[in-house]
């Protein structure tokens, strides 16, 4: 066995016997459920590994086997180093003991003496953020308090391998940020990290990723984080992701509005001869609507979010000090031109807000004014909003060749074409 290996998993399977038989995808009934099936992989020392997969894919079962909580039905697991794990709420805690008593108990069970624990105790309590309740019985703790204290214990004691199951999903924003810093510190210190998470962004900086689906391991080279997320989005939307010129003209709810009636929304690449969107051509985003009343203007605010549901850009005519001056009723067409070489090859979602008399509502003397808090301004009236209006995905194109960037895992929702120059300053002869 190489000294560089931290964990070796060889043909590991885990079978559970069900109380009631269930049908598989082929309609065959069985009382056996294979949570894992023939999993084999090696994890090197100092490697940070993200375990990804849908609910029921076997992620937590794998961590339980690695931590010794349960045994595999077949196969072999070899661990080289001291292991710390956070898998279940309250694991390793005695409910009748206080938080302080459980810190000492838990750490001693993990192999640390009282002197080592005492030297780290204040740091553990401070980081957990539950100092006011540290002398209360942990049976009165919330799930978040349990995990925060457990994570704090492990984060401040020295192990070789750390197994975390959704550990950074609990607590407030401050605790989550500190948790991320601790995990990154462990990675930088050469520790081996395995983290299960549904929050894919938490795993982007990890050195490798393993994907589980129905208890089986998908080889790392076959799928990337971006491709995995894309498959989930496509499945959730039943394939309704626009990849070529699209026009939407069915807006039942909006048609019932007393103020507006949306007639048509389109996303086009007019110069594109390909049957799909491409990244090296501009987009034209058009909105046609009937303004039913006079006496006020309507401005449109558009936001685009990435595959993680994070807003990556917000645009409106007001950004360039151009407000609508159309106060009469009638059919109105608004067009937004999105430049070429702007989007990455990912799935994006467009959201719209129709705002009344925006030019009268914005107070430029307000230093807090920003697109982020614009819609929170009490003085701004939203006539209608259209969240998740459409999802679209362009294909990356270079020198007239379509290139799949997903397996390169290129970070960033946008891929703009900046001006880059390169020249030789001195030549070695």
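Within segment 239-257, track down each residue that is in contact (Cβ under 8 Å) with a residue 60 or more places away in the chain and not in a loop (DSSP other than H, G, I, E, B).
Matches in segment 239-257: 242, 246, 248, 254.
Only one residue in 63, 36 is within 20 Å of residue 159 (Cα to Cα) and modelled with pLDDT of 85 or more. Which one? Break it down into steps so the answer makes sense when it comes.
Details: 36 fails: within 20 Å of residue 159 (Cα to Cα).
None of the others qualify; the one that does is 63.
Among the listed residues 115, 132, 100, 120, which satisfies the condition of being under 26 Å from residue 45 (Cα atoms) and in a helix (DSSP H, G or I)? Break it down into steps so the answer makes sense when it comes.
On the way: 115 fails: under 26 Å from residue 45 (Cα atoms); 132 fails: under 26 Å from residue 45 (Cα atoms); 100 fails: under 26 Å from residue 45 (Cα atoms).
Just one listed residue meets the conditions, 120.
Please go through segment 204-222 and pick out each residue that is in contact with a helix residue (DSSP H, G or I) (Cβ under 8 Å, 6 or more places away or on another chain) and either modelled with pLDDT under 70 or not in a loop (DSSP other than H, G, I, E, B) (or both).
208, 209, 210, 211, 212, 221
Can you tell me how many residues within segment 33-53 are more than 25 Å from the chain's Cα centre (by Cα) and within 22 Å of residue 229 (Cα to Cα)?
Counting residues in segment 33-53 that are more than 25 Å from the chain's Cα centre (by Cα) and within 22 Å of residue 229 (Cα to Cα) gives 0.
So is residue 225 surrounded by 16 or more Cβ atoms within 10 Å (Cβ to Cβ), under 19 Å from the mean Cα position of the chain (by Cα) and modelled with pLDDT under 75 or not? Full working, then the answer.
Working: surrounded by 16 or more Cβ atoms within 10 Å (Cβ to Cβ): yes; under 19 Å from the mean Cα position of the chain (by Cα): yes; modelled with pLDDT under 75: yes.
Criteria met by residue 225.
If you check every pair at least six apart or on different chains, which have Cβ atoms under 8 Å apart with a residue in segment 171-182 that is within 11 Å of residue 147 (Cβ to Cβ) and in the same structural domain as residue 130 (by TED's automatic domain parsing) first and a residue that is surrounded by 12 or more Cβ atoms within 10 Å (Cβ to Cβ) and at pLDDT below 75 second?
Going by the 8 Å Cβ cut-off, the qualifying pairs are 179/167; 179/168; 179/171.
Only one residue in 307, 287 is closer than 13 Å to residue 353 by Cβ, buried (at least 19 other Cβ atoms within 10 Å of the Cβ), in contact with a strand residue (DSSP E or B) (Cβ under 9 Å, 6 or more places away or on another chain) and in the same structural domain as residue 357 (by TED's automatic domain parsing), so which one is that? Break it down stepwise before answering.
Numbers: 307 fails: closer than 13 Å to residue 353 by Cβ.
Just one listed residue meets the conditions, 287.
The values are calculated or read from the model by the stated rules, or taken from the named source; none is laboratory data. Fair warning: this is a prediction, and the values are worked out from it, not measured in the lab. Note that we place each Cβ from the backbone using ideal geometry, even for glycine, and neighbour counts take in every protein chain shown.
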